[in-house]
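Contents: one structure, followed by commentary.
The values are calculated or read from the model by the stated rules, or taken from the named source; none is laboratory data. Because the structure is predicted, anything quoted here is derived from the model rather than measured. Here the Cβ positions follow ideal geometry from the backbone for every residue, glycine too, while neighbour counts run over all protein chains shown. Surface areas here come from the heavy atoms of the whole protein model, side chains and all, with no ligands, DNA or RNA. Shrake-Rupley method; radii C 1.70, N 1.55, O 1.52, S 1.80 Å.
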Amino acid sequence: MAAMKTQGAIDMKMIASFDSDYEKDAKNSLSEDIIAQAKLKDVCVNKKTKLKSLHKYSLSVPEVKPATNQKSSGRCWIFAALNVIREKLIRDKNLESFELSQSYVFFWDKFEKAGWFLEQILNTLEEKVEDRLISYLLQAPVNDGGQYDMFVNVVNKYGLVPKQVYPDSTSATMSRPMNWVITYKLREYAKELRAAHGKGAKMEELRKMKLEQLNTIYRILCINLGQPPKTFDWVFKDKDKKFHRIKDLTPLKFAKEHITFNVCTQVSLINDPRNDYYKLYTVDRLGNVVGGKDVTYINLPIEELKKYAIATLTKKEPVWFGCDVGKFFHRDDGVMDLDYFSYDKMFGIEFSGFSKADRLRYGTSLMTHAMVFTGVDLDENGKPLAWRVQNSWGEKGGDKGYLRMSDKWFGEYNFQVSVDESILPEKILDVLKQTPVKLPPWDPMGSLAQSKL
């Protein structure tokens with residue numbers, strides 16, 4: 001007995017028609033054979049674009065090598081922020097090379113995020129657990145990701161230490177198992193707090209429960225990452241082979257006395273064409289340190305982000321930025337370029353139906369990775385052609401871990417730069433005085449802090 005046709009269902013007649021269309025074009029069969037033997041991105045590389053994609057730039061800052069490596073973790077935002085700081089520290093101390101401890105910032109960010117999450121649970125006790133907000137909060141309480149203002153919060157409260165004092169553990173470089181344990185416990189704690197509230201527990205009692213819960217999270221973090229140092233000696237040799245021993249430092253004292261890069265004067269500029277420019281924005285419930293600095297952004301046209309990134313590079317200072325790294329990116333070649341792949345020829349399709357705003361609205365693009373600009377190639381009129389990027393995936397790929405970003409790619413897939421307030425005009429600085437427009441917790445402008453690795 002033939003089944004009744006349901007409107008909108010795919011039927012065999014439809015598939016036969018698609019097969020017929022596919023077989024009419026011999027190029028489809030050739031493309032199928034090619035992709036069966038090689039990686040899609042490799043066979044779609046546009047040779048002419050590749051030959052022009054040289055890792056050469058007219059303006060660059062002194063670079064620090066080797067490239068750092070976050071490995072199997074979502075700590076890019078921490079690596080990028082520390083890579084900006086270490087470049088100046090190396091110059092100040094006349095060092096050959098140096099790394100600040102990414103794990104130290106990672107530890108305190110994780111711990112503060114646990115406290116932040118539990119505080120959000122206490123602030124939403126009257127909401128139903130099935131509501132979208134609670135479901136979102138429970139989704140990933142201690143993401144590896146973060147925003148620049150969250151980095152500032154950790155540094156201001158806990159300071160910094162050299163990597164030799166607090167090196168990576170296995171759980172730092174492969175964070176998923178640790179995150180699973182902590183996430184399991186935090187969801188369990190959320191249930192306990194809500195259940196106690198349902199039985200009439202007062203807020204004072206709930207906060208005592210929270211304190212006990214945080215004690216357990218602290219223990220889990222110490223076991224995974226190591227106990228953070230309270231005091232340490234910094235021992236090193238400079239480029240001239242001169243020996244140095246700086247004794248009895250604390251993380252806060254080290255940051256205050258030896259880090260001359262001022263994280264507190266950095267301003268986050270974003271390009272979000274969905275929303276009004278020259279406005280201040282924040283993302284609801286995005287943060288790490290309770291009582292710390294709010295995560296805020298000034299929304300500007302993309303040319304303004306380029307302008308102030310170039311101004312910073314001109315001062316021989318690198319620039320922290322956030323982008324959607326996976327789009328039109330060849331990892332081995334280290335190139336981000338809209339013209340690098342001939343998907344149109346391979347599949348007979350175009351990628352012109354989405355504006356940057358549409359990609360944000362329809363979930364096609366969002367901030368996924370933070371890196372550092374260390375150079376730019378300018379034409380004879382001072383217009384950018386391409387950008388040099390310091391990544392944190394080790395030396396494999398690109399120019400020993402450094403990438404090339406075309407300026408067209410910057411325009412479409414770069415969303416944020418962090419620059420010093422000293423280079424910004426009064427018109428932009430005045431935006432910081434506004435009451436920020438609050439975007440919903442799940443808005444893509446908060447996605448860099450939602451990396452789950």
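State all residues of the stretch 391-414 that are open to solvent by less than 10 Å² (accessible area, probe 1.4 Å) and assigned to a strand (DSSP E or B); if no residue qualifies, say none.
TYR402, LEU403, MET405, ASN414
Restricting to the stretch 415-437, name every residue that is under 18 Å from MET367 (Cα atoms) and either touching a helix residue (DSSP H, G or I) at 6+ places or on another chain (Cβ under 7 Å) or of a type in the set (D, E, K, R) (or both). Before the answer, list the steps.
If we filter the stretch 415-437 for residues that are under 18 Å from MET367 (Cα atoms), which is where we start, we get 415-419.
Selection gives VAL417, SER418, VAL419.
Answer with yes or no whether VAL152 is within 21 Å of the chain's Cα centre (by Cα), of a type in the set (A, V, I, L, M), under 30 Å from ASP407 (Cβ atoms) and open to solvent by 10 Å² or more (accessible area, probe 1.4 Å). Full working, then the answer.
Values: within 21 Å of the chain's Cα centre (by Cα): yes; of a type in the set (A, V, I, L, M): yes; under 30 Å from ASP407 (Cβ atoms): yes; open to solvent by 10 Å² or more (accessible area, probe 1.4 Å): no.
When the stated conditions are applied, VAL152 does not pass them.
To keep it simple, each residue is scored yes or no on (1) surrounded by fewer than 22 Cβ atoms within 10 Å (Cβ to Cβ); (2) touching a residue at least 60 places away in the same chain (Cβ under 8 Å); (3) over 22 Å from MET178 (Cβ atoms).
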position: TYR104; (1), (2), (3): no, yes, no
position: GLY115; (1), (2), (3): yes, yes, no
position: GLU119; (1), (2), (3): yes, yes, no
position: LEU122; (1), (2), (3): yes, yes, yes
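Looking only at the stretch 329-386, how many residues end up being in contact with a Ser or Thr (Cβ under 8 Å, 6 or more places away or on another chain) and in a loop (DSSP other than H, G, I, E, B)?
9
I'd like the residue in the stretch 223-247 that is touching a Phe, Trp or Tyr at 6+ places or on another chain (Cβ under 8 Å) and not in a strand (DSSP E or B) and, out of all such residues, is surrounded by the most Cβ atoms within 10 Å (Cβ to Cβ).
Only one residue tops the list, namely LEU225.
What pairs come out if I take residues in the stretch 370-395 that are over 18 Å from TRP77 (Cα atoms) and pair them with residues that are β-branched (Val, Ile, Thr) whose C-beta lies under 6 Å away, six or more apart or interchain?
VAL376/ILE310; PRO384/VAL376; TRP387/VAL376
Kindly list the number of the only condition in (1) assigned to a loop (DSSP other than H, G, I, E, B); (2) under 17 Å from the mean Cα position of the chain (by Cα) that fails for VAL290.
(2)
In the stretch 3-58, what residues are part of a loop (DSSP other than H, G, I, E, B), loosely packed, with under 10 Cβ neighbours inside 10 Å and among the hydrophobic types (A, V, I, L, M, F, W, C)?
If the condition is that a residue be part of a loop (DSSP other than H, G, I, E, B), loosely packed, with under 10 Cβ neighbours inside 10 Å and among the hydrophobic types (A, V, I, L, M, F, W, C), then ALA3, MET4, ALA9, ILE10 are the ones that fit.
Could you name every one of the helices (runs of 4 or more DSSP H) located completely within the stretch 126-213 that has at least 2 residues being out of contact with any Cys (no Cβ under 9 Å at 6 or more places or on another chain), without any contact (Cβ under 8 Å) to a residue 40 or more places away in the chain and over 30 Å from VAL419 (Cα atoms)?
Result: 132-139, 176-198.
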